[in-house]
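Heads up: the structure comes next, in structure tokens.
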Amino acid sequence: MRAALAPGIRLLRALPRDSRYRGLTLLLTFLCYASYHLSRKPISIVKSQLHLNCSNGTGGCSWAPFDGDNYKELFGALDNAFLVAYAVGMFVSGIFGERLPLRYYLSAGMLLSGLFTALFGLGYFWNIHVLWYFIVMQICNGLVQTTGWPAVVACVGNWFGKGKRGLVMGVWNSHTSVGNIAGSLVAGAWVSSAWGLSFVVPGLVIASMGIVCFFFLVEHPEDVGCSPPLHRTDSEEKDPEEAAAEDGPPLASSRTGLERAAGSKEGAAAAISFLGALRIPGVVEFSLCLLFAKLVSYTFLYWLPLYIVNVARFGAKEAGDLSTLFDAGGIVGGVLAGLVSDYTGGRATTCCVMLLLAAPMLFLYNHVGQNGIATSIAMLIVCGALVNGPYALITTAVSADLGTHESLQGNSKALATVTAIIDGTGSVGAALGPLLAGLISPTGWNNVFYMLIAADVLACLLLSRLVLKETRGWCGAMARRR
């Protein structure tokens, strides 16, 4: 007797075709970018253990060249080798992402990322003690990891319109925190025994996901006969005649699959230039805001475990596990930021409010966050939500909004370039934050937190013009209702 159809399959068949493919795209890009962050996280777990081993004085635990008094500077050099390469490569990556098939581009990047992550860990098994080997691996890894973000945001932006984009991308962006948490747990499993496996295993994971991506990723809805999304909300739609006069041809994303395949050269939009993307209203402000927001986030990403070890006196594994709470808060913050910005229509205002609240919370965490385990847990979650909420919103929904901005006059080939510009500028801050933390921390952790608070305030100020514009829009809407 043949069994009944599996419940999960019955559920999938009941869903519309568009919903099935949108769900597949969300899940696949979520897992892909989670694996990127999983492969980045081990360095923050392992580096604290390296020097703690060296200070034990027990035989066989020392690992040159990180066994000297300048270990913080060497760790800072490792961080910046990756982050500077990432920042530089990101500005170029978006240009390639607009001109190459995203599936090939993303898959190749993940395979190479897995290779260089594993090679860093193999330095343990090959007994390599040359600083330049580890720095070169970090530089190569930083360059190839720039393939990830522009590609996954472009894919999701191709499938989801603006109406619920903040919430959808806020939930989807939890891949960053999920990847960081998984990376902390995987690295922590081997950090005290064979730290090389803390890199080799994540390298194998991201390479495997690259193969999955190659076989299953669908870049455009039209490729599988699905309907493309609307990139404007109803309130932004213009009169058809006015739109034709002002904006030229309709959005390329609204064409059917047949039109997309058979469109003439005149109708096909060329990929946007770097300078053209910079001229999109809001790109410069959000890019500079992200520079300071990402400075704060990545300082926590790379230095929080070491801070917990030095201040709270936990072991390396316990500090790594505790640091995952910051990322757990980031999941909540990303979803909350997306939900609020969708409801209010104020992306800049949502970011600004969260950044303003983050500054005093960082001050409190540094001064009272280690008074007890319960206090530390609560404050790490709150700080993670307020720090990573604006960062998540800007790199996802804001980037997708600007990449499909009405000023593009129907050119849909801007998502990857705009995303790369915004995240590339943010990555400059990501490189500066850990570097400044390494230079400032010898003078005391208080000064590191003052630097982070100042960065949050600057990020908020950079959005002031956009916040004022949104406020005027709300006031005008209220006046019209009256």
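The values are calculated or read from the model by the stated rules, or taken from the named source; none is laboratory data. On a predicted model such as this, the values are computed, not experimentally measured, just so you know. Virtual Cβ from ideal backbone geometry, glycine too; neighbours counted across all protein chains shown. Quick note on the areas: whole protein, heavy atoms, side chains included, nothing else; ligands and nucleic acids left out. Shrake-Rupley method; radii C 1.70, N 1.55, O 1.52, S 1.80 Å.
Here's a check for you: in the stretch 302-322, which residue that is more than 18 Å from Gly76 (Cβ to Cβ) and not hydrophobic (A, V, I, L, M, F, W, C) is surrounded by the fewest Cβ atoms within 10 Å (Cβ to Cβ)? The residue in question is Arg313.
Of the residues contained in the stretch 355-367, one or more are found to be open to solvent by less than 10 Å² (accessible area, probe 1.4 Å) and hydroxyl-bearing (Ser, Thr, Tyr). If you go through the stretch 84-113 and keep only what is modelled with pLDDT of 85 or more and touching a Pro at 6+ places or on another chain (Cβ under 8 Å), you end up with just Met90.
Only one entry in Thr299, Thr395 is in contact (Cβ under 8 Å) with a residue 60 or more places away in the chain, within 20 Å of Leu436 (Cα to Cα) and open to solvent by less than 10 Å² (accessible area, probe 1.4 Å), namely Thr299. Of the residues making up the stretch 248-296, those that are modelled with pLDDT of 80 or more, outside any loop (DSSP other than H, G, I, E, B), of a type in the set (A, V, I, L, M, F, W, C) and open to solvent by less than 30 Å² (accessible area, probe 1.4 Å) number 8. Of the residues making up the stretch 368-392, those that are surrounded by fewer than 24 Cβ atoms within 10 Å (Cβ to Cβ) and in contact (Cβ under 8 Å) with a residue 40 or more places away in the chain are Gln370, Ser376, Ile377, Leu380, Ile381, Val382. Total residues in the stretch 189-198 satisfying the condition of being of a type outside the set (S, T, N, Q) and modelled with pLDDT under 85: the figure is 1.
Kindly indicate the residue of the stretch 398-409 that is open to solvent by less than 10 Å² (accessible area, probe 1.4 Å) and modelled with pLDDT under 80 and also farthest from Gly338 (Cα to Cα) among those meeting that condition. Step through it out loud before you land on a result.
In the first step, residues of the stretch 398-409 are kept if they are open to solvent by less than 10 Å² (accessible area, probe 1.4 Å); the result is 398-400, 403.
Restricting the remaining residues to those that are modelled with pLDDT under 80 gives 400, 403.
Details: Ala400: 13, Gly403: 17 Å.
Among residues in the stretch 398-409 that are open to solvent by less than 10 Å² (accessible area, probe 1.4 Å) and modelled with pLDDT under 80, the one farthest from Gly338 (Cα to Cα) is Gly403.
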